[in-house]
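Peer 1: Before I ask anything, here is the structure I am working with.
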Amino acid sequence: MENKGELRKEIIAVFNRRYATKKFDPTKKIDPADWQVILEAARLSPSSFGYEPWKFLLIENEQIKEDLKDFAWGAVNSINGASHLLLCLARTDVTADSDYVKHLVEDVFQNKYDPHSPRTDAFRNFQKHDFQLNDPQTLFDWACKQTYIALGNMLTTAAWLGIDSCPIEGFNREKLTDYLVSHDLMDPKHFGVSYLAGFGYRDQEITPKKRQPLTDIYQVI
Ligand SMILES: Cc1cc2nc3c(=O)[nH]c(=O)nc-3n(C[C@H](O)[C@H](O)[C@H](O)COP(=O)(O)O)c2cc1C
């Protein structure tokens, strides 16, 4: 786009266009090519040390969707009408000496894994001392935080493509975890539940944004 002013307006329009959709039109389906772009926005998201602590499950199975209604109250609107229901898992095993990190270093980054390379030592030191990610819950929470970057990117990308969405934390995490594990859908040794998100087309007016003014949330120091 040549005109920067137009680009700025377009960006703000996209952010105003995105809203947490409470009612989806069940007859409208997302074009597969659009869905691939939304997934790319997630895949290309930044992560700490580049270790991508996430996995995304697209729930198409109608029985699973029905079952989820029992403990995912915040997802019912999406289950009833959204074209796509996504479940994001966060990894529990992103540590310097894990098989997962070894796999990424060797198979994705195409480097030789060395447990005492400067990079591995720096990561171990960061986890242990700087962020004190020394117990399973803290480690999992740290991974979850990163999955929300992918969520934000997916929601914005969807809005850009004219697709509505709803981020969802409205579920009982323990019950959802038990369900996924007992149905062999998630290995708790490596993953935990981060969030759900619905994507589709609204069947209601967009809710106008209610936000604090910038002066209340932004300070130059
Ligand atoms: C982490 C997170 C979890 C949310 N969980 C739910 C949910 O379970 N169900 C729902 O309908 N909306 C959910 N929302 C939507 C918020 O209520 C909504 O984003 C907020 O009220 C601001 O409105 P807007 O997104 O329409 O601008 C969630 C939003 C975020 C970011």
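Peer 1: Could you check the stretch 89-125 and list, in sequence order, the residues that are basic (Lys, Arg) and farther than 23 Å from residue 144 by Cα?
Peer 2: Let us first name the residues in the stretch 89-125 that are basic (Lys, Arg), namely 91, 102, 112, 119, 124.
Within the stretch 89-125, just 112 meets the criteria.
Peer 1: Something else: I'm trying to understand the selection: among the residues of the stretch 109-122, which are assigned to a helix (DSSP H, G or I), open to solvent by less than 100 Å² (accessible area, probe 1.4 Å) and not small (Gly, Ala, Ser)?
Peer 2: Initially, the stretch 109-122 is screened for residues assigned to a helix (DSSP H, G or I), giving 118-122.
From the residues that got through so far, the ones that are open to solvent by less than 100 Å² (accessible area, probe 1.4 Å) too are 120-122.
Matches in the stretch 109-122: 120, 121.
Peer 1: Find the residue count for the stretch 123-139, including only residues that are free of Cβ contacts under 8 Å to residues at least 24 places away in the same chain and either open to solvent by 50 Å² or more (accessible area, probe 1.4 Å) or among the charged types (D, E, K, R) (or both).
Peer 2: Residues that pass the stated criteria total 9.
Peer 1: May I pose another question? Out of the stretch 181-211, which residues are away from the ligand (no atom under 12 Å from the Cβ), without any contact (Cβ under 8 Å) to a residue 24 or more places away in the chain and on the phi < 0 side of the Ramachandran plot? Before the answer, list the steps.
Peer 2: Start the filter on the stretch 181-211 by keeping residues that are away from the ligand (no atom under 12 Å from the Cβ), which leaves 181-193, 199-201, 203.
Next, from what is left, pick out any that are without any contact (Cβ under 8 Å) to a residue 24 or more places away in the chain: 181-182, 184, 187.
Within the stretch 181-211, 181, 182, 187 meet the criteria.
Peer 1: Keeping to the stretch 41-56, report how many residues are assigned to a loop (DSSP other than H, G, I, E, B) and either within 16 Å of the ligand (Cβ to nearest atom) or within 12 Å of residue 197 (Cβ to Cβ) (or both). Don't jump to the end; show me each part of the working.
Peer 2: From the stretch 41-56, those assigned to a loop (DSSP other than H, G, I, E, B) are 44-47, 51-53; that's our starting set.
Still in the list and also either within 16 Å of the ligand (Cβ to nearest atom) or within 12 Å of residue 197 (Cβ to Cβ) (or both): 45.
Count: 1.
Peer 1: Taking residue 128, is it within 16 Å of the ligand (Cβ to nearest atom), more than 30 Å from residue 33 (Cβ to Cβ) and not aromatic (Phe, Trp, Tyr)?
Peer 2: So residue 128 fails the test.
Peer 1: Does the stretch 21-33 include one or more residues that are under 30 Å from residue 139 (Cβ atoms), open to solvent by 30 Å² or more (accessible area, probe 1.4 Å) and either away from the ligand (no atom under 16 Å from the Cβ) or of a type outside the set (Phe, Trp, Tyr) (or both)?
Peer 2: Within the stretch 21-33 (the criterion being under 30 Å from residue 139 (Cβ atoms), open to solvent by 30 Å² or more (accessible area, probe 1.4 Å) and either away from the ligand (no atom under 16 Å from the Cβ) or of a type outside the set (Phe, Trp, Tyr) (or both)), the answer is no, since none of the residues qualifies.
Peer 1: Any idea how many residues of the stretch 57-72 are away from the ligand (no atom under 16 Å from the Cβ) and of a type outside the set (A, V, I, L, M, F, W, C)?
Peer 2: Residues meeting the conditions: 6.
Peer 1: Here's a follow-up. I'd like the full set of residues that are farther than 27 Å from residue 31 by Cα and open to solvent by 20 Å² or more (accessible area, probe 1.4 Å), limited to the stretch 141-181.
Peer 2: 141, 145, 171, 172, 173, 174, 175, 177, 178, 179, 181
Peer 1: Let me ask something else about it. Does residue 154 fit the bill of being closer than 30 Å to residue 64 by Cα, in contact with a helix residue (DSSP H, G or I) (Cβ under 6 Å, 6 or more places away or on another chain) and more than 16 Å from the ligand (Cβ to nearest atom)?
Peer 2: Considered against the rule, which asks whether it is closer than 30 Å to residue 64 by Cα, in contact with a helix residue (DSSP H, G or I) (Cβ under 6 Å, 6 or more places away or on another chain) and more than 16 Å from the ligand (Cβ to nearest atom), residue 154 comes out as no.
Peer 1: When you look at residue 75, is it within 16 Å of the ligand (Cβ to nearest atom), under 12 Å from the mean Cα position of the chain (by Cα) and either at positive phi or in a helix (DSSP H, G or I) (or both), yes or no?
Peer 2: When the stated conditions are applied, residue 75 does not pass them.
Peer 1: Test residue 178 against the stated conditions and say whether it is out of contact with any helix residue (DSSP H, G or I) (no Cβ under 9 Å at 6 or more places or on another chain), in a helix (DSSP H, G or I), within 14 Å of the ligand (Cβ to nearest atom) and charged (D, E, K, R).
Peer 2: It is false that residue 178 is out of contact with any helix residue (DSSP H, G or I) (no Cβ under 9 Å at 6 or more places or on another chain), in a helix (DSSP H, G or I), within 14 Å of the ligand (Cβ to nearest atom) and charged (D, E, K, R).
The values are calculated or read from the model by the stated rules, or taken from the named source; none is laboratory data. Quick caveat, the model's predicted, so the values are computed rather than measured. Note that we place each Cβ from the backbone using ideal geometry, even for glycine, and neighbour counts take in every protein chain shown. All accessible areas refer to the heavy atoms of the entire protein, side chains included, with ligands and DNA or RNA removed. Shrake-Rupley method; radii C 1.70, N 1.55, O 1.52, S 1.80 Å.
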